[in-house]
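The values are calculated or read from the model by the stated rules, or taken from the named source; none is laboratory data. Source: prediction; values computed, not measured. Note: ideal-geometry Cβ built from the backbone for every residue, glycine included; neighbour counts use all protein chains shown.
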Amino acid sequence: MGFFSKVKKLWGSGDTAAAQAPEAAERQDSQPAATPPDAEPQASPRQETPGPMLTDEWKARLTASLKGSRARIAEWLGLLLDGISSADEALYARLRFLFTALDAPQEEAERFIADFTTWTQAMNLAKVEDFRSELRYRLILALDLEEEEEERGNIFKKLTAGLAKTRERMTSSLGALFGGQGELDDAFWEGLEEAFIMADMGAEATQKLLVNLRKRARAMGVTQAARFREVLGAELEALFPLPKKPKVETPPEVVMMIGVNGVGKTTTIAKLAYRARLQGRKVLIAAGDTFRAAAINQLEVWAERVGAGIFSKSEGSDPAAVAFEAIDAAQKGGYDLVLLDTAGRLQTKTNLMEELRKIKRVLEKKHPGAPHKCMLVIDATTGQNALSQTKLFHEAIGVDEIVLTKLDGTAKGGVIVGVTISHKLPISFVGLGEKMEDLRPFVGEDFARALLGE
């Protein structure tokens with residue numbers, strides 16, 4: 001789902017559809033821009049298009065690129081920003097041309113531009129080099145391009161870079177095993193076990209993985225160490241279950257965010273809200289960690305920054321009451337997604353788990369089917385602690401999906417494999433950096449390739 005309710009994807013669609021692009025785009029100059037009802041009036045002023053930035057030659061180049069056999073995201077971005085020095089009306093005119101060529105609704109196009117302008121002003125992103133990656137990310141989500149070949153490749157590069165230390169730790173031992181000419185004997189399996197444990201997969205998960213690998217090696221007819229990389233790659237690619245799409249009878253969809261303090265839960269909520277907003281959803285953040293005033297304040301700041309609604313009560317309020325009233329507010333405000341923050345103080349483990357169970361019960365009574373997801377946030381840098389946290393939360397209240405933060409730069413990325421094998425839980429997102437755009441959907445096949453350096 002993208003930001004726009006409809007978009008004509010001209011790339012890969014043949015000459016007939018592509019030929020309509022110039023005609024559709026030319027309508028831009030003859031129609032006044034619509035002003036979205038919830039946009040700031042000054043955010044994206046509609047002015048006469050500056051001639052030098054929207055020439056016939058430039059229009060022809062962009063149109064030709066749009067008719068390509070695939071989505072050329074980097075090329076489109078380069079054309080949009082060619083000769084542009086700041087986020088001003090010259091850039092907005094080019095964006096309007098792009099959206100009109102794709103038959104995106106005019107009101108939604110103006111809202112996109114207004115949102116982008118507000119963000120660049122709030123974050124003080126004055127120069128092109130400051131907002132280039134931000135605009136790219138917004139266009140990818142708005143036009144639903146995350147699954148396109150170019151963007152998959154871009155995410156894979158980030159994933160490969162993020163797993164560099166984990167891969168180095170694993171391949172230093174696996175390289176010797178796979179590079180040998182021997183058979184899959186006891187010494188080989190012992191070496192493999194040691195390599196997995198060193199990668200923070202955990203002892204229990206390592207034993208399960210070894211059993212699976214023995215079965216797969218027999219099924220593939222692999223008996224030599226030199227071919228075992230194929231076996232490991234195939235097993236890892238098949239390992240990760242896909243997240244299930246929740247069944248939401250009536251809005252809003254409610255996602256209960258759980259996890260211990262310090263794993264990056266607050267910023268993950270902000271990044272999820274941001275993604276959802278860029279995909280056209282109306283998001284309400286509910287500040288359910290009422291034991292920390294700082295948590296409430298942080299979410300209020302993030303909500304304003306990403307353009308989401310916020311529901312909060314005073315410090316010390318009953319978290320279940322916050323959840324209950326947040327659903328009321330979401331239903332009255334027409335929100336279609338609620339992200340509910342919760343406390344994560346493990347020093348009072350028993351009380352915390354009972355509190356979380358109470359919140360789930362209250363949500364179910366207030367809004368049948370809710371919470372539609374319980375999403376656990378774990379920190380990749382904590383290794384074995386992430387495994388024990390997953391076990392604790394899953395046994396206590398049930399976890400539907402995992403978000404793994406801080407994967408970039410850690411040598412303990414093998415915890416993903418451990419969590420998946422031990423609990424058979426899908427990984428929905430991974431954190432590959434600090435920017436808003438660095439929270440990306442997890443793809444098991446890509447993870448396996450990146451981990452093994454393929």
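Is it true that residue 144 is closer than 24 Å to residue 380 by Cα and either surrounded by fewer than 21 Cβ atoms within 10 Å (Cβ to Cβ) or of a type outside the set (Phe, Trp, Tyr) (or both)? No: the conditions fail for residue 144. For residue 78, the stated conditions hold: it is within 25 Å of the chain's Cα centre (by Cα) and surrounded by fewer than 18 Cβ atoms within 10 Å (Cβ to Cβ). Of the residues making up segment 107-121, those that are modelled with pLDDT of 95 or more and surrounded by fewer than 19 Cβ atoms within 10 Å (Cβ to Cβ) number 1. Among the residues making up segment 186-212, none is part of a loop (DSSP other than H, G, I, E, B), of a type in the set (A, V, I, L, M) and farther than 15 Å from residue 235 by Cβ.
Residue-wise test of (1) surrounded by fewer than 19 Cβ atoms within 10 Å (Cβ to Cβ); (2) more than 30 Å from residue 166 (Cα to Cα).
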{"position": "299", "(1), (2)": "no, yes"}
{"position": "326", "(1), (2)": "no, yes"}
{"position": "333", "(1), (2)": "yes, yes"}
{"position": "350", "(1), (2)": "yes, yes"}
{"position": "358", "(1), (2)": "yes, yes"}
{"position": "382", "(1), (2)": "no, no"}
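Evaluation of residue 446 against the conditions (1) in a loop (DSSP other than H, G, I, E, B); (2) surrounded by fewer than 23 Cβ atoms within 10 Å (Cβ to Cβ) shows that the sole unmet condition is (1). Among the residues of segment 161-184, are any touching an Asp or Glu at 6+ places or on another chain (Cβ under 6 Å) and under 30 Å from residue 72 (Cβ atoms)? Yes; the residues of segment 161-184 include at least one that is touching an Asp or Glu at 6+ places or on another chain (Cβ under 6 Å) and under 30 Å from residue 72 (Cβ atoms). A single member of 390, 405 is among the hydroxyl-bearing types (Ser, Thr, Tyr) and either under 18 Å from residue 241 (Cβ atoms) or surrounded by fewer than 23 Cβ atoms within 10 Å (Cβ to Cβ) (or both), and it is 390.
Against the condition assigned to a loop (DSSP other than H, G, I, E, B) and out of contact with any helix residue (DSSP H, G or I) (no Cβ under 7 Å at 6 or more places or on another chain), how does residue 288 come out, does it pass?
Details: assigned to a loop (DSSP other than H, G, I, E, B): yes; out of contact with any helix residue (DSSP H, G or I) (no Cβ under 7 Å at 6 or more places or on another chain): no.
So residue 288 does not fit the description; no.
The requirement of being part of a strand (DSSP E or B) and free of Cβ contacts under 8 Å to residues at least 60 places away in the same chain is fulfilled somewhere in segment 400-408, by at least one residue. Tell me yes or no: at least one residue of segment 343-361 is at pLDDT 95 or above, of a type in the set (Gly, Ala, Ser) and either touching a His at 6+ places or on another chain (Cβ under 6 Å) or not in a helix (DSSP H, G or I) (or both). No, every residue in segment 343-361 fails to be at pLDDT 95 or above, of a type in the set (Gly, Ala, Ser) and either touching a His at 6+ places or on another chain (Cβ under 6 Å) or not in a helix (DSSP H, G or I) (or both). Is it fair to say residue 437 is at pLDDT below 95, surrounded by fewer than 18 Cβ atoms within 10 Å (Cβ to Cβ) and either under 21 Å from residue 202 (Cα atoms) or of a type outside the set (Ser, Thr, Tyr) (or both)? No: the conditions fail for residue 437. For segment 232-247, the criterion of being in a helix (DSSP H, G or I) and among the aromatic types (Phe, Trp, Tyr) is met by none of the residues. Taking segment 242-281 as the range and being in the same structural domain as residue 305 (by TED's automatic domain parsing), out of contact with any helix residue (DSSP H, G or I) (no Cβ under 8 Å at 6 or more places or on another chain) and basic (Lys, Arg) as the test, the residues that pass are 265, 281.
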